[in-house]
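Structure first, then comments.
The values are calculated or read from the model by the stated rules, or taken from the named source; none is laboratory data. No experiment lies behind these values; they were computed from the predicted model shown. A quick note on method: Cβ atoms are made from the backbone with ideal geometry, for glycine too, and the neighbour counts reach across all protein chains shown.
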Amino acid sequence: MPLLSHDQIAKERKDLKAWQLAGKEIKKTFELKDFAHAIGFVASVALLAERANHHPDIDIRWNKVSLALSTHSAGGLTEKDFNLARQIESL
């Protein structure tokens, strides 16, 4: 999968304003009701990630879940990252 250009990344981010660009990744922290809800959210993300065969970096801190997406095999951001971010947003 080809890397996205800076212009393509900017266009993709318009729909995902809460996701921050950090180097070769897009990141977002979700705040849930409590730990159990955070783990449930992670389980839902895991199902989406498995279907997409694209796995985010996940950090869980009690009720906060931080996700980072990058296509490591391509060396940066691709359509896969933004497609999965949009799916996660729909949860």
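Can you tell me which residue among 73, 66, 44, 90 is among the polar types (S, T, N, Q) and in contact with a Leu (Cβ under 6 Å, 6 or more places away or on another chain)? Step by step, each of 73, 66, 44, 90 is checked, and only 44 is among the polar types (S, T, N, Q) and in contact with a Leu (Cβ under 6 Å, 6 or more places away or on another chain). Among residues of the stretch 1-23 that are closer than 11 Å to residue 77 by Cβ, those with a beta-carbon under 8 Å from a residue that is assigned to a loop (DSSP other than H, G, I, E, B) and among the aromatic types (Phe, Trp, Tyr) at least six positions away or on a different chain give the pairs 13/19. A Cβ distance below 9 Å, combined with a sequence gap of six or more or placement on separate chains, defines the contacts here; from the stretch 70-82, residues that are assigned to a strand (DSSP E or B) reach residues that are modelled with pLDDT under 95 in the pairs 71/1. For the condition exposed (fewer than 13 other Cβ atoms within 10 Å of the Cβ), free of Cβ contacts under 8 Å to residues at least 60 places away in the same chain and within 11 Å of the chain's Cα centre (by Cα), residue 57 qualifies. Of the residues examined, residue 43 is one that is free of Cβ contacts under 8 Å to residues at least 24 places away in the same chain and of a type in the set (A, V, I, L, M, F, W, C).
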